[in-house]
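The values are calculated or read from the model by the stated rules, or taken from the named source; none is laboratory data. These numbers come from a predicted model, not from an experiment. Don't worry about glycine lacking a Cβ; one is built from the backbone with ideal geometry, like all the others, and counts go over all protein chains shown. Heavy atoms of the whole protein, side chains included, go into the accessibility calculation; ligands, DNA and RNA do not. Shrake-Rupley method; radii C 1.70, N 1.55, O 1.52, S 1.80 Å.
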Amino acid sequence: MRDAYLDRLPIAGRLVSENFAGWPPSLREEFARGGANGKVGQHLLSETSRLRVWEIRLAPGERVPAHCHVLDYSWTALTAGHSRQHTHDGTTREVTYRQGETREYGFAHGEYLLHDLENIGGGELAFITVEFLQSANPPLPLI
C-alpha cells in the first residue's frame, strides 16, 4: 500500500521494482518485524536531549536490516557509492551517492519510513545520520 506522504519525501534513487516484486519471503518477514526498530544506524556515536548521531559503514555486499524512521533526520554520504533499498510500500530503488551529498527528511505525526540499505557498489559506503528527537513522533526503541 502506497502512503501518499512518501511522494513528498526526498527518497533517493532509481525505482527498479514495485509491489514487492522480487522480495523473498524472508525480506517481507523482516519488514513486518522492523516497524518497531528505531536503530537507524550501525553505531550510535552521540545522543543528547536534542539529537542522535549515527554512523553507517557498509562493505561491499553488506546490509543494514529494515529499520524505521519516525523522527525528522538528515544523512550525509561520507563516501561515494551505490545502494539498493527496499521500502515498506513495496518499492525497490538503486541509489548512487556523491561524497558529501546530504538529504533531509521530516515526518508529520504518524508518518514513517521503513527501509533497509545494502551496499551494491565496489567500495565502502559510509553515512552519518542525525535524528532530531524533538519531532512530531516519539522515538522508537533501539532494537
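When you scan segment 1-24, how many residues do you find that are under 12 Å from THR87 (Cβ atoms), assigned to a strand (DSSP E or B) and either open to solvent by 50 Å² or more (accessible area, probe 1.4 Å) or in contact with a Pro (Cβ under 7 Å, 6 or more places away or on another chain) (or both)?
Going through segment 1-24 one residue at a time, the tally reaches 2.
Counting only residues that are open to solvent by less than 60 Å² (accessible area, probe 1.4 Å) and out of contact with any His (no Cβ under 8 Å at 6 or more places or on another chain), how many does segment 25-52 have?
7
Pick out the one residue from GLU62, GLU55 that is open to solvent by 40 Å² or more (accessible area, probe 1.4 Å) and of a type in the set (Asp, Glu). Give the derivation first.
On the way: GLU55 fails: open to solvent by 40 Å² or more (accessible area, probe 1.4 Å).
Selected residue: GLU62, the only one of GLU62, GLU55 that is open to solvent by 40 Å² or more (accessible area, probe 1.4 Å) and of a type in the set (Asp, Glu).
Considering only segment 93-143, state which residues are among the small types (Gly, Ala, Ser) and either within 17 Å of GLY13 (Cβ to Cβ) or assigned to a strand (DSSP E or B) (or both).
Once the filter is applied, which keeps residues that are among the small types (Gly, Ala, Ser) and either within 17 Å of GLY13 (Cβ to Cβ) or assigned to a strand (DSSP E or B) (or both), segment 93-143 yields GLY121, ALA126.
Could you give me the residue pairs with C-beta distances under 6 Å whose first residue belongs to segment 78-93 and is under 13 Å from ARG63 (Cβ atoms) and touching a residue at least 12 places away in the same chain (Cβ under 8 Å), whose second residue is of a type in the set (Val, Ile, Thr) and open to solvent by less than 30 Å² (accessible area, probe 1.4 Å) wherever it lies, and which are 6+ apart or on separate chains?
SER83/VAL95; HIS86/THR92
From the list LEU140, LEU44, LEU117, exactly one residue is out of contact with any Gly (no Cβ under 9 Å at 6 or more places or on another chain) and over 26 Å from SER17 (Cα atoms). Which is it? It would help to see each step written out before you state the result.
Values: LEU140 fails: out of contact with any Gly (no Cβ under 9 Å at 6 or more places or on another chain); LEU117 fails: over 26 Å from SER17 (Cα atoms).
Step by step, each of LEU140, LEU44, LEU117 is checked, and only LEU44 is out of contact with any Gly (no Cβ under 9 Å at 6 or more places or on another chain) and over 26 Å from SER17 (Cα atoms).
Could you list, in sequence order, all residues of segment 77-90 that are within 11 Å of SER17 (Cβ to Cβ) and open to solvent by 10 Å² or more (accessible area, probe 1.4 Å)?
Matches in segment 77-90: ARG84, HIS86.
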